[in-house]
Each structure stands twice: as C-alpha cells, then as structure tokens.
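Take a look at the structure set out below.
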Amino acid sequence: MILWIILTIVFIIIALLAYFLFIPIAFYARGDFDEKSFRVVLHDPLRFISLRFDTSLDEKFSLRLFYFFKTGRKKKGDEEQKDKKKKKDTGDGTKEKGKKKGGLKNFVKKRLGVIIKSIFAFLKRCRIHVSNCDISFSTGEPDSSALIYGGIASLPFMYGKKTHVDVDLMSDDPFVRGHLKISGSIFICILLYYVIKIVVTKGE
C-alpha cells in the first residue's frame, strides 16, 4: 500500500514536471518606458500557475499556485522594505553586497555576447505577436547597441506596420523610450536550455 502511494506521488511529480517543461506558457506584456508603467501576465493552459506583475496596482506582484495558494507584493510594503534595507546596509553588509553585485556584473560582462545571442535565439523559437511597438534605445556603448539592434532585426515578428525600433549609437548614456505591447507563448524547456548554455559558457 505504501509503495503504491509513493509510486503515485512520484508519477504525479513527473507528470507535473513534464507538463510545465513541454506545455506552452501563454503571456501578455505591455510597457510604457516613458511613464514607467508595465504589466506582465503569464499562465499555463490549465492555469495551475498564474503570475501577474502590474505597476499600476497596489499589489504589484501576484502569484497563484494550483488555485489555492496566492502570494503578492504591495507598493506600501516596498517602501518599508527599502527603509529596512538602508538600515541593514552598513559596515560589512555593504561590502558583501558590493562583492555580490560585482560578481554578477563580471559574469554578465564576460558573457554579454552569448547572453544577447541566446536571448534572440530563444525569442525566435517562441510564438510571439507584436500588437504595437515604438521604441528607441541605447546601451551607452555602440558595439552592444548595434548587436542588440541586429538581434531585433533578425526576429520575424518584429516586421510589421505597427512595429518601429530605433537605436542611438552616439549616446553615451543608456536609455529606453517608447511603448510596447506583445503576446504569445514560450516553452520552459527551451528557456532552460539557453540558461544552462549561458552558465556553462566560459567567459571571454
């Protein structure tokens, strides 16, 4: 009896893992970079997991699991948490935090080319529809700005009457302006593949 219960639990876990890995996850995203207003919604077909991020709501972040468990993060709590962090970030804590940020920055810097290429390779394998897009941007560096712009130009779904993207290669300051509205679906298994690829790639 106990063996059957254990096998049933294992089967359910494997089935759920396979479900989330190979079933398309639907998403909707809308952003206005000038107004700093963003909304992102993700969910699976059966809505076992539903995630929402909306800067216009009091509860900016909301996550629901299997219809029963729900968690969120409110704007008021953000200010309190920031105050607590400021109080904690003194002495050795500041040094440790600086080391962590420096380590992440070096990781990204060494693998920037691979990260950008992997992101666009992943996007090509997703089902994405752009409803409206009018964006101008710069990373502050001509090389990386041109690399990102080239990646955007390689995406099939970025060619449309309501899609317009400009890059500023002369700006020394990074910026993103404009608005974007997209929807579609992604596959977690493909996302994991590119994340692992970035991690195992040796820095240049």
statement: Computed ³J(HN,Hα) along region 115-122: with the Karplus parameters 6.51/-1.76/1.60, θ = phi - 60°, integer Hz and x for glycine or proline, the list is 4, 5, 5, 5, 4, 6, 5, 5
- request: For an R0 of 25 angstrom, estimate the FRET efficiency from the Cβ-Cβ distance between Phe107 and Asp143 and round to the nearest 0.05.
  value: 0.85
message: Quick check: with the 1.4 Å probe, what order do His43, His179 take by accessible area, largest first?
response: His179, His43
Whole-Hz ³J(HN,Hα) from phi, Karplus 6.51 cos²θ - 1.76 cosθ + 1.60, for region 133-143, glycine and proline x: 8, 9, 10, 10, 8, 7, 8, x, 10, x, 4
task: For an R0 of 22 angstrom, estimate the FRET efficiency from the Cβ-Cβ distance between Ala153 and Ala29 and round to the nearest 0.05.
output: 0.60
- prompt: Counting only heavy atoms of protein chains, what accessible area per residue, in Å², does region 34-76 have with a probe of 1.4 Å?
  reply: 74
- request: Would you mind counting up the charge near Val165? Only other residues with Cβ under 13 Å from its Cβ, with Lys and Arg at +1 and Asp and Glu at -1.
  value: -1
- line: Log entry: pair-distance distribution for region 122-204, C-alpha pairs binned every 5 Å from zero, whole % per bin is 3, 13, 18, 19, 20, 18, 8, 1, 0
- prompt: Say each of Phe66 and Lys161 gets a label point 7 Å from the Cα, pointing the same way as Cα to Cβ; how far apart are those two points in nm?
  reply: 4.8
field: List Val10, Val165, ordered by accessible area with a 1.4 Å probe, largest first
entry: Val10, Val165
field: 3J(HN,Hα) from dihedral phi, region 21-28, Karplus parametrisation 6.51/-1.76/1.60, rounded to Hz, x for glycine, proline
entry: 6, 10, 8, x, 9, 6, 8, 9
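The values are calculated or read from the model by the stated rules, or taken from the named source; none is laboratory data. What you are looking at is a predicted structure, and each value in this text was computed from that prediction instead of being measured. All Cβ positions, glycine included, derive from the backbone under ideal geometry; neighbour counts span all protein chains shown. Only protein heavy atoms, including side chains, enter the accessible area calculation; ligands, DNA and RNA are left aside. Shrake-Rupley method; radii C 1.70, N 1.55, O 1.52, S 1.80 Å.
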